Amino acid sequence: MLLSLNWLRDFTPYEGDLDELADRLTMLGLEVDEISHPFAHLDSIIVGHVVQCEAHPESDHLHVCKVDVDAGELLDIVCGAPNVAQGQKVAVAPVGTIMPNGMKIKKAKLRGMPSRGMICSAMELELGNDHSGIMVLDDSLAPGTKLIDALGLETSVLDIDITPNRGDCLSVLGYAREIAAAYNLPLTMPRVECVETGPSCQDMVSVQIDQASLCPSYLARIIQGVSNVQSPDWMRYRLLAVGLRPISAVVDVTNYVLMELGQPLHAFDRSLIRGGKIRVAPAREGMVFTTLDNKERKLLSSDLLIWDGERPVALAGVMGGANSEISEASTEVLLESAVFHPGTIRKTARRLALGSDASFRFERGVDQVGSRLALDRAADLIVSCCGGQIAKGVAGSVPRPYSPPSIVFRPAKATRLLALDVEEGYCEKVLTSLGCELAKASDGYQVTPPSYRLDLEREADLIEEVARVYGMDRLPVRLPRITKNLDAMLNEDPLFAFNSRIKAWAMGCGLHEAVNYSFVATKDMDRLAIPMEGRVEILNPLNEELNVLRSQIAPGLFNSLKHNLGQGATRLRLFEVAQVFVQDPTSDTMTKETNRLGLLVYGSREPQRYPFAAGDVDYSDIKGLVESLTGHLGIGTLSFALAEEHPYLQPCVRVLAGETFIGLIGMLKPALADGYNASHRVWFADMDLETIMDLTARSTCTFSPIAKFPAVRRDITIIAPKTLPFGRIAEVILARKEPLVEDVVLLDIYTPEEGAKENHVSLRVTYRSMSKTLKDKEVDKVHTRIGQELLNKLEVRFP
């Protein structure tokens, strides 16, 4: 935002050094990018006195003037403006001046008469739209005075970056509050004399709000008998200094108050409002609305509109409608001052690429209490600039009145955390200077922040305010004192320790950690068909690409896959330990966080060089990682079952530890994999670390003696239906609880021909005795019983 120094001084009398002010604002978290001179292009323009003005002998519209610019001699200037006359004080561009449009003023002859300069119009100087004649200045000005000084134009404007949480600083008043608090200066509010002489406003228009959550407050005033002329010079020049183009008095007033107080306003031509009614309601899906720029906008049901009694007249918080626009012929104004839901305005403005100064502020939240002051201030200015009378009272609806939060604040905690050695009462003084109300409580204060500080929600926010005003650069560099004993080890965060253990295991398996934002784009969630239910939307996202909290860990890892593939990687082993978020009305934060582990493998199993064998990763690789994890944590035997349907994995397998579901593994659907530029199969696992952590805590270590005697291994090959999982085969063998059976593993699966419904399954059974060396005949007996058990319990046969 651009801040005019002269405008700032209307609110607080800062007379210090400009560079020092810029440094202090930066240290307050309001970074000053640049200090500029908005009218530097007018530096060489000076005041001239037209001493003589005669008609040009060779032209019927040119005049030959002699102009005194206090340069020791009169300048001969040929001027074609119809209103130039002797005795006027005018704006003169001497020879050598570079005009705003880039033209350089040179000595010239016009129809045979010499001309050494140019008498300028407001349009030529980019100070207005009037090109009908030259600027005629105040007669009291001395010739030779710089025009910038003569008109009191702004010479110092600060360009300041605003963080998304400081919507209160999107106004001159907002900066004045900060500077007054920082330098212990008084703060002067603008004087408002809103004299109501007209009929009752409430009798002339009614206001209806369909959804209080979308519009907590809507206020309106009516001004009758206005003359929408050009706004006064002082207002136009101030708007130009902060980068706004003057249009007409009524519109300029709304822009002026927007910059002054931070409250977006909109002026309707009341004669174009039908039915004497204003209604705030969502658009109908697919309807088309023409905005002030005469462009048709196709709307969604999520867009908010301002309606009159018959039709929409404005795109709420973004732009007015062409069908209710203020014009030079307007004589009645309906002035709106409203508060809209930030997320709704942001989505509409971003989707339509229709950002405006108003939407920029609504997206960050405006001061609901201050909206009435802005309305009265604008009505007062319109009457002073355009004449007319203000109708009595205010029409409006406030279905959701502002309710300030109450925050516990402990000064001792603040000074301890910040390592500050300040006098008693310093923290209280700082918060009071920022507009907070403090009430004594048992352990400190109950603090009520001002209505314009929507970012103050917790004690940590108030502590940050103390640090900010004290000066982040002045905070002591002091390590906190920490005392720790053996008993404290029992109180360490178990989640952190468990996550560290998971990461150590993953890195030991050769996986690389991916660290992604908790925020993702809605389109990323939609691409994977992740359900809308439970999504947590960000009220004020950094950008449209990061507008929702992830409800699953997959989007971030798949985007990491795409990024790495784009950098030329062809073999990826990724993992991520992170929180996912879903809505939870029972939680204090309305959000539930769950700890998850994501695993992703892609590309060749081994490095593609000698002596490694060729071949891509498959299901066995991702399954092996999951089994390695649970084995590392001491969780019992896993079982795997095909899931019937999954939005982005096919096939998808449920992983169970006993009867407890702990996660999913599967392959990303090929159609989705194409969207991430993957030319090979993408294998993925999503594990519930909270459940796994609980199972780990309940697991117990057991010890068994090391075998002294050799094992005997025998293979079995059976013909089994393709639908029969190996786990079921192993389960049947182990269920016999043969004392000699130590282990059962899968050796190979062979399909004799394409389309066959049966597989040849080879498995290996390990036999061992803890007390002796086994003989063949002892193993043969058990092996035969196992084979017979398979034939009896399963639909299998031997080759």
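No lab work stands behind these numbers, since they all come straight from the coordinates. Model, not experiment: these values are computed from the prediction. As a convention, Cβ positions derive from the backbone with ideal geometry for all residues, glycine included, and neighbour counts pool all protein chains shown.
Computed 3J(HN,Hα) for the stretch 593-610, one whole-Hz value per residue from the Karplus formula 6.51 cos²θ - 1.76 cosθ + 1.60 where θ = phi - 60°, is 10, 10, 7, 10, 10, x, 10, 9, 10, 7, x, 6, 5, 10, x, 7, 7, 4, glycine and proline marked x. Computed with the Debye formula from one identical point scatterer per Cα of the stretch 196-397, without solvent, the log10 of I(q)/I(0) at q = 0.09, 0.18 Å⁻¹ comes to -0.29, -1.31. Compared with the dominant Cα axis of the chain, that is its longest principal axis, helix 371-386 is turned about 30°. Between rounded, prolate and oblate, where does the stretch 40-151 land on the alpha carbon gyration tensor, with a ≥ b ≥ c its root eigenvalues, rounded for a/c under 1.5, else prolate if a/b exceeds b/c? It is rounded, given that a/c, with a ≥ b ≥ c, falls under 1.5.
Residues in the stretch 526-538 carry Karplus couplings, in order, of 5, 4, 8, 6, 6, x, 5, 4, x, 5, 10, 7, 8 Hz; the curve used is 6.51 cos²θ - 1.76 cosθ + 1.60 with θ = phi - 60°, and Gly or Pro positions show x. The phi torsions of the stretch 247-252, fed into the Karplus equation with coefficients 6.51, -1.76 and 1.60 and a -60° offset, translate into couplings of 10, 8, 4, 5, 5, 5 Hz, rounded to whole numbers, with Gly and Pro shown as x.
Looking at the stretch 748-785, the GluC sites (Glu not before Pro) that sit in a DSSP loop and have at most 13 other Cβ atoms within 10 Å of their own Cβ are 753, 754. Annotation: amide H-H contacts under 5 Å for residue 266 (H modelled 1.01 Å from N, sequence separation of 5 or more, or interchain): 336.
Rounded if a/c is under 1.5, else prolate if a/b is larger than b/c, else oblate: which is the chain, with a ≥ b ≥ c the root eigenvalues of its Cα gyration tensor? Prolate, because a/c is 1.5 or more and a/b exceeds b/c. Short-range pairs are left out: with C-alpha atoms under 8 Å and at least six residues apart, the relative contact order of the chain is 8 percent.
Once C-alpha pairs closer than 8 Å and six or more residues apart are averaged by separation and normalised to the residue number of the stretch 196-397, the relative contact order reads 37 percent. At full extension, residue 329 and residue 287 could sit 12.2 nm farther apart than now, given 0.36 nm per residue minus the alpha carbon distance. When the trypsin sites (Lys or Arg not before Pro) in the stretch 703-753 are filtered for DSSP coil states and for at most 14 other beta-carbon atoms within 10 Å of their beta-carbon, the remaining sites are 708, 722, 736, 737.
Only DSSP H runs of four or more residues enter the estimate; each adds -39500 (n - 2.57), and after division by the residues of the chain the mean residue ellipticity at 222 nm equals -8000 deg cm²/dmol. How many angstrom lie between the C-alpha centres of the stretch 493-529 and the stretch 740-762? Their Cα centres are 35 Å away from one another.
If only the Cβ of Lys and Arg carry +1 and only the Cβ of Asp and Glu carry -1, the dipole of the chain around its Cα centre is close to 3260 debye.
For the residue pairs 277/523; 503/793; 347/562; 347/592; 484/623; 623/757, the alpha carbons lie more than 32 Å apart in 277/523; 503/793; 484/623. Classified by the C-alpha gyration tensor, the stretch 712-793 has a prolate form. Its axis ratio a/c, with a ≥ b ≥ c, is 1.5 or above, and a/b is larger than b/c.
Between the C-alpha center of the stretch 400-467 and that of the stretch 569-624 there is a gap of 44 Å. For the stretch 518-555, the list of GluC sites (Glu not before Pro) that fall in a loop by DSSP and count at most 14 other C-beta atoms within 10 angstrom reads 533.
Between residue 441 and 446, the built amide H atoms are under 5 Å apart, and every one of these is 5 or more places off in sequence or on another chain.
Proximity of backbone amide H atoms, modeled 1.01 Å from N, is registered between residue 206 and 277, 278 at under 5 Å, excluding neighbours fewer than 5 places apart on the same chain.
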